[in-house]
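Below is one structure; the comments refer to it alone.
The values are calculated or read from the model by the stated rules, or taken from the named source; none is laboratory data. What you are looking at is a predicted structure, and each value in this text was computed from that prediction instead of being measured. Here the Cβ is made from the backbone with ideal geometry for all residues, glycine too, and neighbour counts use every protein chain on show.
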Amino acid sequence: MKKILFTAIMAAVIGLGLTCCGNKNKVENSNKADSTEISADSGTASKLDLFPWDFPKEFKLEGVELGQEVLAPSGYKNAIEKNKDLLDNSNVFYNFTVTRVPNDKTLFIKMFGDEFEIPNPLVIPIPKGQKAKVGDIVLTWWQSGSGMQRAIVTDASDPEIPKVCYLDLNYEDDGKGFANEHANEQLKPNSFLVMKNGEWMSGATVAVMDDGEWKKATILNVTDDKVLVIGFIGKIKAYKRSDCKLIPLVPEYKVGDHVKAVFVTGFADDYKVTKIDQKIGRVWVEHRGKIEPKSILEVVKDL
């Protein structure tokens, strides 16, 4: 049943995505447009609120360069053009290339010849020249598939093009999971961001207190008091930072410990750790007599 549910969710996510070089000189910004308006050449309506979330519209991205890779919601342009409710829209984050920076609040990004303007808070820059080591967790995208991914480095013989095991793809004991089938996939240069344990940053997993439950979400961008996240079925939401708890990248539990683990949308109680394989970033947990593998980003000692 779990594998059927995962497959259905993956199919829906990939379906959403389907519908929907490096200049080293820093880009100079100029203040020309308010973030709640769209430039005329973007081909979209100018009266829509392009960023309805309770997160600073004036959020600035540091060190963005022309030709740099970024992660952004692929369906954003379509949602604007069709006047969809952005607060209720499902999103898949893909890799795009920065083409223009018209002001300090928005970027123009491009993929497959389609260019559009997007507010800064919805963009995650992928720095150039990152180097990884074995055991690092990186933010990237599924390079033989589609969509934003966190991954753990399994081979750093060349630290600029490491091999990884994806953490957001399902792993199965029978070897038939997407993570199994794409294990040790090599990343392209300039296509990943090395994450830091304990740091509030893009790509980090958080538990968010929402309607009395700890929901799982991934940070898009963060300020001192606000967090913009993407959660279940790709919904983007903003929360107070005080309502969120950061999930460690390095496990703080051991075999035999009782932990919380993700079940569908959020963190649930009464799981027990039976095995940890740090190399591939997986934890086996037991719940009501059933043992299953989880990503290390889906298990926490306590909240």
Check off (1) crowded, with 19+ Cβ neighbours inside 10 Å; (2) in a loop (DSSP other than H, G, I, E, B); (3) not aromatic (Phe, Trp, Tyr) for Asp174 and give me the number that stays unchecked.
(1)
Of the conditions (1) assigned by TED's automatic domain parsing to the domain that holds Lys163; (2) touching a Phe, Trp or Tyr at 6+ places or on another chain (Cβ under 8 Å), Leu228 satisfies every one except a single condition; which number is it?
(1)
I'd like to check something: does region 197-206 contain any residue that is in a strand (DSSP E or B), under 30 Å from Glu69 (Cα atoms) and in contact with a helix residue (DSSP H, G or I) (Cβ under 6 Å, 6 or more places away or on another chain)?
yes
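For every residue, the table says whether it meets (1) modelled with pLDDT of 95 or more; (2) among the β-branched types (Val, Ile, Thr).
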site: Asn83; (1), (2): no, no
site: Val98; (1), (2): yes, yes
site: Phe108; (1), (2): yes, no
site: Pro119; (1), (2): yes, no
site: Gln130; (1), (2): yes, no
site: Leu139; (1), (2): yes, no
site: Met148; (1), (2): yes, no
site: Ala151; (1), (2): yes, no
site: Thr154; (1), (2): yes, yes
Per the filter on region 91-113, residues surrounded by 20 or more Cβ atoms within 10 Å (Cβ to Cβ) and touching a helix residue (DSSP H, G or I) at 6+ places or on another chain (Cβ under 9 Å) are Asn91, Val92, Phe93, Tyr94, Lys105, Thr106, Leu107
Somewhere in region 214-225, is a residue part of a loop (DSSP other than H, G, I, E, B), closer than 30 Å to Glu160 by Cβ and touching a strand residue (DSSP E or B) at 6+ places or on another chain (Cβ under 8 Å)?
no
For region 155-171, enumerate the residues that are hydroxyl-bearing (Ser, Thr, Tyr) and buried (at least 20 other Cβ atoms within 10 Å of the Cβ).
Tyr166, Tyr171
Residues in region 114-154 that are exposed (fewer than 15 other Cβ atoms within 10 Å of the Cβ) and either touching a strand residue (DSSP E or B) at 6+ places or on another chain (Cβ under 8 Å) or not in a strand (DSSP E or B) (or both): how many?
6
Restricting attention to region 74-97, the residues that are outside any helix (DSSP H, G or I) and touching a strand residue (DSSP E or B) at 6+ places or on another chain (Cβ under 6 Å) number exactly 6
